[in-house]
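The values are calculated or read from the model by the stated rules, or taken from the named source; none is laboratory data. Note that the structure is a prediction, hence the values are computed from the model and not measured. Using ideal geometry, Cβ is built from the backbone for each residue, glycine included, and neighbour counts are taken over all protein chains shown. SASA here: full protein model, heavy atoms, side chains in, ligands and nucleic acids out. Shrake-Rupley method; radii C 1.70, N 1.55, O 1.52, S 1.80 Å.
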Amino acid sequence: MADIFWWVIFPYITVTIMILGLLYRYAFRQLTWAAPSTNFFEKKWLRIGSPLFHYGIVLAFIGHVMGMVIPMEFYQGLGISDHLYHIGAIWGGGLAGLMVVAGLIILLIRKITIDPVRIKAGFADFFTVLALLFVAGTGTYMTIIFNTTVVAYEYRETIGPWFRSLFVFMPKYELMSGVPFIFKLHVLSAFALFASIPFTKLVHIFSFPIRYPARSPQQYRSRSNYRRQG
Ligand code: HEM
């Protein structure tokens, strides 16, 4: 019964909260659909922490698509051995994970130590950084430490097929029963994080700036060169 709750009911509940919350926020709270930058208050650490996190999370996302969405048979069909796949996943995923975690730690320390940034940050901001740090931290531990000190766990035979089965509404929850605890914790905390997205600045994940290229250019003038005419 517990397996049905955690690997069927919980994922669908959290994703439903995410979708309905996003639709509600888009329909009735559009003005809050942004992640205003705090670079006005402090630039140096933001320019290190933010790119580290954002480029790292994009790499990790690509790694998740390669590991959870693309079936292992596809790689075997290409002649890529499981061993070679895992070497790539550990090195590529490891780098991505370290970038995400390092970026988040820098952004968190900045949020705590820079007064105007701390004052501007609300509970949801601290929750988001700490929740991401937990999910990414467990993920990076799995990729770098668990896979090299315990076993290179073949999640493409269990977590991957289960994850894909959710999309066709035929959840194969039995595949998750033998998955190592740390992997289960990572996946469940990720789904809990999905449910929190509509209530935080993470909504900006879904702001696809497709209109940006067509936007009229914004002109900036430096204050010092601006001379009052006449
Ligand atoms: C907010 C969502 C998530 C974040 C931020 C996240 C983050 C990470 C990070 C940083 C890593 C280590 C780097 C890497 O291997 O790519 C990782 C590994 C992993 N994640 Fe996630 N993850 C998320 C959601 C998920 C979900 C939904 C699943 C499964 C359905 C998942 C399964 C895994 C697995 C199996 C690994 C280990 C990969 C390996 O050992 O090669 N993650 N995750």
Open item on the list: In Å², and per residue, what accessible area does the chain have when probed at 1.4 Å with the other protein chains present?
Closed with: 64 Å²
- [ ] Per residue, how big is the convex hull around the C-alpha atoms of region 1-137? Give it to me in cubic angstrom, could you?
- [x] 157 Å³
- [ ] Would you work out the charge dipole size for the chain about its Cα centre, treating the Cβ of every Lys and Arg as +1 and the Cβ of every Asp and Glu as -1, and quote it to the nearest 20 debye?
- [x] 1780 debye
TODO: Just subtract the alpha-carbon distance of LYS120 and LYS43 from 0.36 nm times their residue separation and send over the number in nm, one decimal.
DONE: 26.2 nm
- [ ] Please give the calculated 222 nm ellipticity per residue for the chain, where each DSSP H segment of at least 4 residues contributes -39500 (n - 2.57) and the sum is spread over every residue; nearest 500 deg cm²/dmol?
- [x] -18500 deg cm²/dmol
Task: R0 of 22 Å, Cβ-Cβ distance LEU84-THR148: FRET efficiency to nearest 0.05 - done: 0.90
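At a Förster radius of 41 Å, what calculated FRET efficiency corresponds to the Cβ-Cβ distance of ILE70 and TYR26, to the nearest 0.05?
Working: r = 30 Å, r/R0 = 0.74.
Approximately 0.85, to the nearest 0.05.
Tell me, what % of the accessible area of the chain is carbon and sulfur with a 1.4 angstrom probe? Mind showing how you got there, number by number?
Values: 10570 of 14800 Å².
For the chain, the apolar C and S fraction of the accessible surface comes to 71 percent.
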TODO: Compare the Cα positions of TYR55, LEU95, ALA214 along the charge dipole of the chain (+1 at Cβ of Lys, Arg; -1 at Cβ of Asp, Glu; about the Cα centre) and return the one farthest towards the positive end.
DONE: ALA214
Task: Cα gyration tensor shape of region 1-76, rounded if a/c is under 1.5, else prolate or oblate by comparing a/b with b/c - done: oblate
Open item on the list: Over the Cα atoms, compute the radius of gyration (one decimal) and Dmax (the largest Cα-Cα distance, rounded to a whole number) for the chain, in Å.
Closed with: 20.8, 80
Task: Nearest 10 degrees, 0 to 90: helix 181-196 Cα axis against the chain principal axis - done: 40 degrees
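Where the only charges are on Cβ atoms (+1 Lys, Arg; -1 Asp, Glu), what is the dipole of region 92-162 about its Cα centre, to the nearest 20 debye? Walk me through the numbers before you get to the answer.
Numbers: 5 positive and 4 negative charges, 60 e Å.
Taking the Cα centre of region 92-162 as origin, the dipole is about 280 debye.
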- [ ] Compute the long axis of helix 10-28 from its Cα atoms, compare it with the longest principal axis of the Cα atoms of the chain, and write down the angle in degrees, 0 to 90, nearest 10.
- [x] 20 degrees
Open item on the list: If I histogram all Cα-Cα distances within region 47-125 using bins 5 Å wide from 0, what percent of pairs lands in each bin?
Closed with: 3, 15, 18, 17, 13, 10, 9, 6, 5, 3, 1
TODO: List nothing, just return the count: lysine pairs in the chain, 8 or more apart or interchain, with Cα separation under 29 Å.
DONE: 11
